[in-house]
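Peer 1: Input: one structure, supplied below.
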Amino acid sequence: MTTPSLSLPTTSYAILGMLALRPWSAYELAQQTRRSLSLCWPTAESVLYHEPKRLVRLGLATAKRQATGRRTRTVYADQGSKEDLLDAIRATRAWALARAPEGLTQIRGYLTDGGPFPERLHLITLFGQFYIDLFALLIRWADVAETEIASWPHTTDLGMTDGTRALLEEQLARLEAFADRAAR
């Protein structure tokens with residue numbers, strides 16, 4: 001069970017999300033993470049093997065030994081609740097929102113005196129745009145995710161809810177627009 005004072009790295013949340021799907025060995029978690037997240041979020045392989053153990057120590061996952069032929073392996077499973085998931089999403093939003101004060105100070109400084117590297121402001125500004133867009137994306141996603149999850153009675157075996165269908169249809173429309181743009 002998470003506590004409000006617990007601060008987890010993003011890799012923890014990704015692994016907890018995968019554990020919500022089904023139990024995995026550390027090897028399987030590493031394979032699946034490479035397959036599903038490596039393009040948007042490269043993570044050292046060693047982290048992927050150590051993080052499940054840490055999550056067990058924190059009480060956020062369980063581990064049990066399982067026989068596989070002549071050897072055994074450790075399989076990790078989800079231990080989180082609907083409230084744990086909502087807490088993680090709220091923490092993601094809070095993290096993104098907490099970036100605003102430092103960003104405001106920096107941008108006001110750029111507008112006032114150009115900052116410490118005014119000759120590179122054209123490049124710095126593009127990088128700043130990326131960060132602001134990333135924070136906005138995280139905030140929007142957290143808003144959508146929190147609303148959807150709050151409507152669920154629990155987090156297991158819900159399948160195609162009305163909200164899931166609506167999100168899939170929106171995702172389909174967006175990807176079709178991207179595909180059309182790529183074809184031009």
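The values are calculated or read from the model by the stated rules, or taken from the named source; none is laboratory data. Computed from a predicted model, the values in this text were never measured in an experiment. Here the Cβ is made from the backbone with ideal geometry for all residues, glycine too, and neighbour counts use every protein chain on show. Quick note on the areas: whole protein, heavy atoms, side chains included, nothing else; ligands and nucleic acids left out. Shrake-Rupley method; radii C 1.70, N 1.55, O 1.52, S 1.80 Å.
Peer 1: Is there any pair linking a residue in region 29-57 that is over 14 Å from M18 (Cβ atoms) to one that is polar (S, T, N, Q) and open to solvent by 70 Å² or more (accessible area, probe 1.4 Å), with Cβ under 9 Å and at least six apart or on different chains, and which?
Peer 2: Matching pairs, first to second residue: V56/Q79.
Peer 1: Return yes or no: is T74 more than 19 Å from the chain's Cα centre (by Cα), open to solvent by less than 40 Å² (accessible area, probe 1.4 Å) and at pLDDT 90 or above? Outline the logic, then answer.
Peer 2: Numbers: more than 19 Å from the chain's Cα centre (by Cα): yes; open to solvent by less than 40 Å² (accessible area, probe 1.4 Å): yes; at pLDDT 90 or above: yes.
In short, yes.
Peer 1: While we're on this one: Would you be able to say whether some residue in region 162-178 is open to solvent by less than 90 Å² (accessible area, probe 1.4 Å), under 23 Å from G80 (Cα atoms) and under 23 Å from the mean Cα position of the chain (by Cα)?
Peer 2: yes
Peer 1: Output yes when any residue across region 132-147 is out of contact with any helix residue (DSSP H, G or I) (no Cβ under 9 Å at 6 or more places or on another chain), in a helix (DSSP H, G or I) and open to solvent by less than 100 Å² (accessible area, probe 1.4 Å), and no when none is.
Peer 2: yes
Peer 1: Can you pull out the residues in region 106-117 that are open to solvent by 70 Å² or more (accessible area, probe 1.4 Å), assigned to a helix (DSSP H, G or I) and more than 30 Å from Y13 (Cα to Cα)?
Peer 2: Within region 106-117, I107, R108, L111, T112, D113 meet the criteria.
Peer 1: Something else about it: Would you point out the residue of region 85-100, among those that are charged (D, E, K, R) and in contact with a helix residue (DSSP H, G or I) (Cβ under 8 Å, 6 or more places away or on another chain), that is most open to solvent (accessible area, probe 1.4 Å)? Spell out the reasoning first.
Peer 2: We begin by selecting, within region 85-100, every residue charged (D, E, K, R); these are 87, 90, 93, 99.
Adding the requirement that they be in contact with a helix residue (DSSP H, G or I) (Cβ under 8 Å, 6 or more places away or on another chain) leaves 90, 93, 99.
On the way: R90: 86, R93: 38, R99: 55 Å².
Checked region 85-100; the qualifying residue most open to solvent (accessible area, probe 1.4 Å) is R90.
Peer 1: For residues that are surrounded by 14 or more Cβ atoms within 10 Å (Cβ to Cβ) and farther than 10 Å from Y49 by Cβ, tally how many sit in region 26-39.
Peer 2: Count: 5.
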